[in-house]
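Presented below is the structure to which this report refers.
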Amino acid sequence: MDNLAKFKFEKLHIWRDAMDLGEQINSLTDDFPKKEMYNLSSQICRAADSVALNISEGSIIQSKPEFRKFLGYSARSLAEVVTCLHKSKLRKYISEDKFQELYDDAFKLMNMIIAFRNKL
């Protein structure tokens, strides 16, 4: 992807990982019950997509304080994803193994976002 990347955010590992997590979450909801289409499925997908969207939006023509603010939005969206994962597990829409895998990915990404934000 680096060879094709023209935008600053496309070179960021946190953006790439956020993009991957968003796609994993989107696929995950394919198996959720139809009754969740406008509830939990929609909420977790929007929150997961928001992680990458805020990273990209904050990186373009923004001051460092403004970029930090958008990274904060991204971290908050990621926390929302984690809460939705808990709800998905409690409702038995996902297995404990799948929950743990995505939870670990989210935790790693959260730490990366916070570390990156603190370096700005």
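Quick notes on this one:
- Options Lys108, Lys98; residue that is among the basic types (Lys, Arg) and over 16 Å from His13 (Cα atoms): Lys98
- Selection of the range 68-112 for residues being among the hydrophobic types (A, V, I, L, M, F, W, C) and touching a Ser or Thr at 6+ places or on another chain (Cβ under 6 Å) yields only Ile94.
- Taken over the range 55-67, the criterion of being over 16 Å from His13 (Cα atoms) and part of a helix (DSSP H, G or I) is satisfied by Lys64, Pro65, Glu66.
Per-residue answers, yes or no, for (1) part of a helix (DSSP H, G or I); (2) buried (at least 16 other Cβ atoms within 10 Å of the Cβ):
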residue: Phe70; (1), (2): yes, yes
residue: Tyr93; (1), (2): no, yes
residue: Asp105; (1), (2): yes, yes
residue: Asn111; (1), (2): yes, no
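Rundown of residues vs (1) polar (S, T, N, Q); (2) in contact (Cβ under 8 Å) with a residue 24 or more places away in the chain, yes/no style:
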residue: Gln24; (1), (2): yes, yes
residue: Ser59; (1), (2): yes, yes
residue: Tyr73; (1), (2): no, no
residue: His86; (1), (2): no, no
residue: Arg117; (1), (2): no, yes
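- Restricting the range 26-45 to residues that are touching a residue at least 24 places away in the same chain (Cβ under 8 Å) and part of a helix (DSSP H, G or I), the residue that is farthest from Ala75 (Cα to Cα): Asp31
- Hits in the range 1-57 - residues which are closer than 19 Å to Lys98 by Cα, open to solvent by 70 Å² or more (accessible area, probe 1.4 Å) and among the hydrophobic types (A, V, I, L, M, F, W, C): Met19
The values are calculated or read from the model by the stated rules, or taken from the named source; none is laboratory data. Quick caveat, the model's predicted, so the values are computed rather than measured. Backbone-built Cβ (ideal geometry, glycine too); neighbour counts: all protein chains shown. Just so you know, the surface numbers come from the protein's heavy atoms only, side chains and all, with ligands and any DNA or RNA stripped out. Shrake-Rupley method; radii C 1.70, N 1.55, O 1.52, S 1.80 Å.
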